[in-house]
Each structure stands twice: as C-alpha cells, then as structure tokens.
1. Could you list all residues from the stretch A:364-383 that are over 20 Å from A:Leu138 (Cα atoms) and assigned to a loop (DSSP other than H, G, I, E, B)?
2. So, B:Leu117, is that one more than 22 Å from B:Phe368 (Cβ to Cβ) and surrounded by fewer than 20 Cβ atoms within 10 Å (Cβ to Cβ) or not?
3. Residue check: is A:Arg270 of a type in the set (Lys, Arg) and either assigned to a loop (DSSP other than H, G, I, E, B) or crowded, with 18+ Cβ neighbours inside 10 Å (or both)?
4. Let me confirm something: among B:Arg415, B:Arg371, which residue is assigned to a helix (DSSP H, G or I), more than 12 Å from chain A (Cβ to nearest Cβ), within 22 Å of the chain's Cα centre (by Cα) and surrounded by 15 or more Cβ atoms within 10 Å (Cβ to Cβ)?
5. Looking at this structure, is B:Asp408 in a loop (DSSP other than H, G, I, E, B) and among the charged types (D, E, K, R)?
6. Exactly one condition in (1) under 31 Å from the mean Cα position of the chain (by Cα); (2) modelled with pLDDT of 85 or more; (3) more than 7 Å from chain A (Cβ to nearest Cβ); (4) surrounded by 14 or more Cβ atoms within 10 Å (Cβ to Cβ) is false for B:Val57; which is it?
7. Return only the number of the condition from (1) in contact with a helix residue (DSSP H, G or I) (Cβ under 8 Å, 6 or more places away or on another chain); (2) part of a helix (DSSP H, G or I); (3) free of Cβ contacts under 8 Å to residues at least 40 places away in the same chain that A:Val324 does not satisfy.
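The values are calculated or read from the model by the stated rules, or taken from the named source; none is laboratory data. Worth saying up front: this structure is predicted, and the values here are computed from it rather than measured. Cβ atoms come from the backbone with ideal geometry, glycine included; neighbour counts cover every protein chain shown.
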Amino acid sequence: MGFLERADQIYYSPAESGGPTISLSRQDWSLHRKGPADQERHNQKVKEAIKGDLQHIISDEAIITSDGKKIVKVPIRGLDLPRFRFNTGGNQGIGQGEGKDGNGQGQQGPGKGRQAGDQPGIDYYEAEITIDELAEMLFEDFQLPNLQPKTSEKLTEETYRFNEISKKGLMPNLDKKRTIIQNLRRNAMGGERHPTFHGVRDDDMRYRIWTPDIQKHTNAVIIAMRDVSGSMGEFEKYITRTFYFWMERFLRTKYKEVDIRFLTHHTEAREVDEEKFFKLGESGGTKVSSAYQLALDIMKKDYDPSAWNVYPFHFSDGDNWGDVDNRKCVELVTQILERSNLFGYGEIREGAIRSSSTLMNAFQSITDNRFTPVLITDKKDVYLALKKFFSARPDLEGAVDRR
Amino acid sequence: MSTERLVTLPIDAQESAKPFFSKEKKNDAELEKAIGQIWDIARGFGLDPYPTHFEVVPPSIMYEFGAYGLPGRFSHWTHGKAYHQMKTIYDYGLSKIYELVINTNPAYGFLMDGNSLLQNKLVAAHVLAHVDFFKNNAYFEKTNRQMVDMAGLHADRLKRYEFEHGRHKVESTLDHALVIGSYFTEDYNRPGSAQEYIDEDRKKFEQAKKQPDRPKTPYDDLFGLDDLGKKEEPKVEEKAPFPCQPEPDILDFLAKFGNLEDWQRDIVQIVRQEGMYFAPQMKTKVMNEGWASYWHVRIMRELDLTDSESVEFANMHSSVVAPSQTSLNPYYVGMKMFEDIERRWDDPTPEEQERFGRKKGEGRKKIFEVRETESDQSFVRNYLTKGLVEDLDLYIYKREGDQLKRLDYNWEQIRDMIVDSMTNFGNPTINVARGGGNFERRGELLLEHDWDGREIDFAWAEKTLSHIFSLWGRPVNLITQRENKKVMMTNNGPMTITKML
C-alpha cells in the first residue's frame, strides 16, 4: 500500500512555468504496521539482553531492596548500538559540558523532527521491567524438583460449582430467565407474532444443577534456614536475602499452596516469621546442628513424608563451631534427607578461600543425591544456585516430573 | 496561476476515502489551494524549490517516517527504538513533529492529520524553503533525488537476504555496519571494486614516491622500525603499505576487504550509501532550519490571515524558535544568523564598503548566496559574530549534578567550540592508518584516531572494535591517546587489550 506504490502515480513534468508544481493527497494508513513491528523487535532484543544477563540483574541491589512491586530500572547496556564517541565524562582532556551539541543524531538521517522548547537532552528511554516480568523470565524453567503427588484428605476443599442447566431440578435453583425465554420461544413457534409469557409447561422449566468440585493440591513445604551468626558479613547476608527473595517469589507464583517455615540460627535455632527472617541482624557464634535439629523436629511433628514434599534449604558461610558439631550435622542431615525430596545447602564464601574445616567439606561424605550443595563466591552465583536447586532432577529416586 | 491539480487519489484510496474522508475532502481542497498560493509567494521571493507533493498523514506515520528517516526504509530494531521514543514523546504531549520533508525530486512534505489549517500553511511554507535549500545548496549536489525508490530497493534486497540467510545474520551484519555508520566519505567516484581500489592505491603510492616530502603521519615511526640502523634513502619498498595513505572511508574499506560474503558486502554498502545521502542534511541542519524559519515568517506575512490565524501563527512560530538552555536550537540560531547577515549586507559600514566593495541593499542577494555555498561549519565560522553570540547569549555549560554551570569562555572560543562539535558529526575522526590494511603483515586492521585533544570513550570503543572485528575477520587495532600517552587497543572479538606504546 504503500507509499512507494503511490510514488509513481504522482506524475510531474519538469517544472516549467505553468507546469504542475504542488499537490496534496491523503491515504489510508490504517493497515500500516512497520513501526510497531520494528518496535516489537526492539522489545524482543531488550528481553533477550535481560535474559542473557539474568545472573547479574537478579542480584542487583535495586531489586532486592525494592518493595517487590515497583518497576525496576534495569541497567541494560547492550541496547544502544555502540560507536566511536568522545568521552564526555571529562576526566582529562577538554572538560566541556554537552555544549551546543544540537547534532546528536548519530548515523540516522534526521526526519526533520523538532522538539518544542527544551530539548530533552537526557535519553528519556530506560529499559524498565517489572519484577514480575523479570521473575517470569527467571522462572521459565524452574520447578520444585521431584515433586510427588502427595495429597492429604483433611486439606481437601469441597466446593460446588453451578455449571449445568437441566430440565429437572429443585425449585430454589430455578433459572427464571432461561425459563421465560424458553416459554416465549415456544409461544412464538406456536404462531404468536409478539409472544408473551403465559401458559408455562413443565417442559419450559430450567434449573441450575451443581456438581461437587473437589480440588486436590499437592502438599509441599520449604524449610528455609539461615545462619545469622556474627561471621555472616555483608556479602553473606546479601546473598542469603537475594536467594530467598527469589525463591519465595518463585514459589508464590508457580505453586498455589506451599508452606514455608523460617528458621534462623546462631548457636541456637528458632523459628521466626517471614518479616523477622529477612530483617534479622547478626551476632553470636555458630552451631549449625541447632538449626538442623529444629528442622528435624518440625518435620517430625508437622510434615509426614507420606503426605508432604519437603524441601529444606540452608545458607551459611560454613564456619561452624568445630569438628564435633560438623559431624553432628552430617548425622542430622542424613536423617533429614530420609524425610525430604531435596536438601539444598548453599555455602557462601566470598572469594572462595579454601578452608578445610568448613561444613562443605564435612558434607563430602554424604552420598545421597538428594543432598545438593552449592558454593557461592560471587553475586552471580545466586542465579546458578537457583538453577541448581530448582531444576528437574531425573537422578532422584522415584522422580516424577510434576510442577 | 501555476498550480494545476494533476493528481487524483488512486483507486483504492478513493474507495476508502468515501465514508471517512468526505469532510476532509473539503478541507483538503482548501488546503491545496492555500499551498498553491504559498508556492506562488515563495517563487515571488526568488525561492526555487523542486515540485513538491504534500501528504496528510496520521501522527503514527509521521513519527515513523521521522524515526526511519525515509519512507520505505529497511527494518531494523534501532528504527523500532527510535519509533518508540518518538511515539512516547508524542503521546505524552511533550512535543510534536510539525514538519517532515524528504530531499527528492519531486520532493515530499508531510502534514500531520489533526493540524489546523493555519498550522499546515506554516508547515507548507517552511517545507518549500527546505526544498529550495536541498535543491540549491552545493553540498546536496550529488545526493540521489530518487532516494525513496532507492531505499525501497535496499529494503527489498535486505528482505531477500533475510529469506536466504536468516533474519539473525542479516540483523547482525546490519548492526556491525551501523556501528561505524558515520565513517564514510561523500565520494561518489570511488573505485567500485576491490581490485580497482588496489590499483588506484598503487598508483597513488607511485606518485607519492616521486615526491619525497609527502606529509608525514604521526605514526610513521611504527613503520620505520624495520629500517633502524639503515641509511635513510629512498628505497624501493618490496611491499607498499596498503593503503598508501590514511583512509577515512572505513565502511567502504571494510566492504571491499573485510572477510565477508557478497551479500554482506552489499549490506555494508547499503548502509554507506544511505549514510551518504543523509550526510549533507546533518551537516547543514542549522542553516537549513534557519533558512526555512526565516522564510516561513516572510511568506506567512504575505497571506491574508484572519486575526485569530495571526495569533495562532505567532504562537506556533515562537514555540518553534524558542531558545533552549541545554542545546542549540537550529531554528532559532539559524534564523537569527540569516537575519543578521541580511542586515549587515543591506547596510554595510563605510569601511566595509570601501574594503570589500559592498553596496547597500544587497542583503537578500547575500543570503541566497550563503544558502548556496556554506555548510554549518563554515556558516558558523564565518558568520557567527561577537554581536550575535552576545545577543543570543550563547554559552558553554557543564553539568554539575542537577545544575548547569556556565563556563567562562570568550565569544571566539564559544564559536570555535561550536564548530568543533560539528566536525565529523560530532564523532572522533578515525581513519584506516597508512598500511593499516595489512598491519604487522598478519592481515590485521589498524585504525588511527586523529587526535585533537579529546579522549574517546573507551568502553564504547571496545564494543565498537568488536563489531569491526566481525566485519574484518581478523584482529583489529586502534591507536589513540589516553592520559597523554599513546596507546593501542587490540580486539579479537570478545576481548580488547590496551597497551601503551
């Protein structure tokens, strides 16, 4: 339709005096879609850029410290075409400001556009993304591994849905509208030009009937454990919060009903609510076994493995009280594993200093596949940890891929 | 009367025109008549545009053409981004593209559907002055006046390549080429094939040898390293450096000698040709907008405007030429400069009359000359006077946080800085170095930054070099300066290494 096809219908002879010189027309552009199509391509590229950089983006400060609802401005560097340009940051060289640069059009031809008043010198366009969109990208391939169809009777809800119409039913469930319409139809067919409502027969009656709608859901619980001892520094804290932030979002979006129990520990362990879990400060020594014991107690009390998929997770810097406690932990973990689908252990060591006395080393002896350790040395490892914990695990016993 | 309506709406548009456009048809007829008048007035003043076709378009098309630069231009995500930007700015009521004009013969001017009649009249007058500029300014002489068709052909070929080689590959190649999209020369007589280029280069080298004092480049010492200790005498070099002198047209060089398939070479040349087409427009923005604003005022004055139209015109004109605190408004500055030139040549001082032989009343004549011969750089250099800098209150500023701080420069410095900022589209001057086509005899590419005291952005340069690597196929080097020392950046795809020299 276009413009180009029109071009050769505009005929001019060379502009001699008296020759045609101007003309005017108007077309129908309503089917023209080129701009939006290319814009869509640009949006795609934004998404690709984000996806390619997820490991950096998800551990970005701005996201973790936001209230989770806002739109987050993600620093995407890849979306301008780079080019040779001057360094206007101005460390050295001629330190002038943007000056009178009215020519910042780059390579593209100016369409003779004009901006009224103040030219917006700042690039108003920033790649914005809601946390939900980011979460969607992140969780695309995530799942609770080895989720088994465990349901318990007492948590079943019985609801009723009115989803059918029948000619027979109970009076209180009479569908008056349909009944009237049916009657009018019959009267019209019987020859009335303007049918009215009269002479109701049994046949006209319409009732709503209900069917019981039993919704079963699969039970799952996460036991989130967090080391809040004094040895957990800024970096360790940050990693833990980042991980659990995304874990929680993941669970809440993908699974309707997942319990989460929050445990913190230093030399002693206790259960806290979600808010305290994320806010708690650090102090004291570290006895990891206290946490594992508490977890085990909770599991025994509330989460029978026949009815529950249990996923304990623990984040720590691995710097435990001593060898004695390390051995105790190994014992406890073995017991926990018997009652869980997967145990995720994240050891945070900034810069990956090798030390033989960390918990990770003690856990080397555990051969159960359900024990899933991850070493985190850098912010971007959070993404890897998430991936490792929340992927399908065909190697696990009796694995059934259920989301 | 010289306006004849030769064109009727084409068939399909006629059909769809019926229910929706019947009201507009009446308005369009009135507008066309007014444009005819405006044409006559413009001609009366001596303006000499190509025949111009005006098209009324919805806003979305307006900013689409604005984003793409030309109707029918090839698809690329950068256009999509620009489209989105313009659309958003428009949708938020932040600004409006009033006029869009294409440099072709016949020329095209676009009017936004929704403009009032008065607005369209002003735009039409403005557009005709632009077309006069396109036709008569020397820098536009070689531009392709059938560029809309040409752009369409380019877009078709690109679509075909997408079909043959996949969208992703075509997009990457376009990306690589666009990255250095401003590094070409407006040389319409360049050797067409790689072999022709080589032959011509050899000829140049032979000629230069006969003149021993050829201009030395700052990097000659690099190439003389082999000759250390030998006597300095004109020798027959076994392998002449290629190219034999610095080559500013990097796009062409890459298209010819990069490790590319034929269709990729074509893509690079497409980018180059379209760049060449737009280059004069970018080099004359201040002049052109100034010229068009100067004339739309004078043309509109000749029309019989009603009172309310006059008010509307005054408002519109003042918003178009409103000065800005953060950038140079070409409409404003250009127009003031032309008016200043006219005044000065209408009324030369006795000294000017004697020294230059100027006569009174030649203001109009002078500005017509200026519009023919100058580009923004020479325009500003020659005609931005001390008086203008003061009257217009031009200044250089620096951003400090949220504040704009005016820097202390005299008028000449300000003028020179403006000229500098226009050099090479505001980008650093970078050439293929002498011998840069086969650097280190390893087929590496060597680029050199023509240093003028300003450092380049190194982070961006690294990314840019990576794109150039994709076109060249072998490592790419750039010599520049950093913190007062010569450095060489070497890129082999993913990594860039910077060494001091």
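1. If the condition is that a residue be over 20 Å from A:Leu138 (Cα atoms) and assigned to a loop (DSSP other than H, G, I, E, B), then A:Ile366, A:Thr367, A:Asp368, A:Asn369, A:Arg370, A:Thr377 are the ones that fit.
2. On the way: more than 22 Å from B:Phe368 (Cβ to Cβ): yes; surrounded by fewer than 20 Cβ atoms within 10 Å (Cβ to Cβ): yes.
So B:Leu117 passes the test.
3. On the way: of a type in the set (Lys, Arg): yes; either assigned to a loop (DSSP other than H, G, I, E, B) or crowded, with 18+ Cβ neighbours inside 10 Å (or both): no.
So A:Arg270 does not fit the description; no.
4. On the way: B:Arg415 fails: more than 12 Å from chain A (Cβ to nearest Cβ).
So the residue among B:Arg415, B:Arg371 that is assigned to a helix (DSSP H, G or I), more than 12 Å from chain A (Cβ to nearest Cβ), within 22 Å of the chain's Cα centre (by Cα) and surrounded by 15 or more Cβ atoms within 10 Å (Cβ to Cβ) is B:Arg371.
5. yes
6. Status for B:Val57: all satisfied but (3).
7. Exception for A:Val324: condition (1).
Here's the yes/no breakdown for (1) of a type outside the set (A, V, I, L, M); (2) assigned to a loop (DSSP other than H, G, I, E, B); (3) over 17 Å from B:Thr284 (Cβ atoms); (4) at pLDDT below 90:
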| residue | (1), (2), (3), (4) |
| --- | --- |
| B:Gly109 | yes, no, yes, no |
| B:Met112 | no, no, yes, yes |
| B:Val127 | no, no, no, no |
| B:Val131 | no, no, no, no |
| B:Ala151 | no, no, yes, no |
| B:His154 | yes, no, yes, no |
